[in-house]
Amino acid sequence: MTTPLIIQAAEEVERRSAEVTDWAARLGWVAGLLLFVALVYWLMRQGWKWRGELQSGLPELPARPRAATDDGGGEPPSAGMPGDAGAAGLRLSGRYHGSTTAGQWLDRIVARGLGDRSRAELTLTDAGLDVVRPGAADFFIPAAALRGARLDKGIAGKVLTEGGLLVVTWEHGGRLIDSGFRSDRAAGHTAWVEALNSMTKNDTTEGAAR
């Protein structure tokens with residue numbers, strides 16, 4: 001009877017040893033995975049920083065214009081409304097998905113905060129396009145800098161459904177930029193494309209007349 005007990009005890013010791021070995025292997029895999037994720041994150045951060053340095057020549061973004069009647073002592077314009085823009089033409093609530101070099105949807109621009117995805121509130125007036133971004137830097141695109149708009153499906157590595165993205169093309173610092181927005185009500189994108197293209201068409205016509 002002694003021999004079977006010894007064999008059983010040996011098998012139990014071997015089983016427990018295998019369990020310990022399995023846990024050690026699992027912990028090793030987890031540690032390796034965590035190191036890999038940390039390395040990828042670090043490389044992404046370095047790439048982002050490098051890209052920002054390459055784009056450091058991009059000038060500061062235009063600020064929202066002050067009210068024409070504001071002599072410096074009055075109240076500033078309310079958030080989202082350019083002071084000298086007159087009545088708002090269109091408004092949009094949604095998300096800002098990033099900016100790229102115009103026509104190159106993967107050539108992301110990260111300088112001046114343009115690489116930060118965020119919620120966005122857009123207001124279009126005769127003065128231009130006002131972009132208010134909670135948690136990120138606001139910016140303003142003067143009407144003279146607008147170059148057109150279109151419906152698209154991707155920008156800065158973000159891919160949506162066909163026509164699910166409003167892409168606004170504008171010029172800044174001698175560079176053409178595409179900025180992508182998605183409204184909470186995507187059906188309204190068409191009205192924005194028409195309005196923006198109408199503005200740029202009018203500017204071109206007026207410039208030619210001069």
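The values are calculated or read from the model by the stated rules, or taken from the named source; none is laboratory data. Values in this document were obtained by computation on a predicted structure and should not be read as measured data. Please note: Cβ atoms are built from the backbone with ideal geometry, for glycine as well, and neighbour counts cover all protein chains shown. The protein model used for the area step is the full one, side chains on, heavy atoms only, and it has no ligands, DNA or RNA in it. Shrake-Rupley method; radii C 1.70, N 1.55, O 1.52, S 1.80 Å.
Under a crude label model (7 Å from the Cα following the beta-carbon direction), how far is ALA137 from GLU162 in nanometres?
3.7
What GluC sites (Glu not before Pro) in region 109-186 are in a loop by DSSP, with at most 15 other Cβ atoms within 10 Å of the Cβ?
GLU162
Can you give the extra length, in nm with one decimal, that the chain gains between ALA25 and ALA191 once fully stretched, where that is 0.36 nm per residue apart less the Cα-Cα distance?
Going from the current span to full extension adds 53.9 nm.
Using a probe of 1.4 angstrom, how much of the accessible area of region 84-145 is carbon and sulfur, in percent?
So the carbon and sulfur contribution to the accessible surface is 51 percent.
Search the structure for amide H atoms under 5 Å from the amide H of THR125, placed 1.01 Å from N in the peptide plane, and list their residues when 5 or more places away or on another chain.
Residues meeting the criterion, in which the H sits 1.01 Å from N, are GLY89, ASP130.
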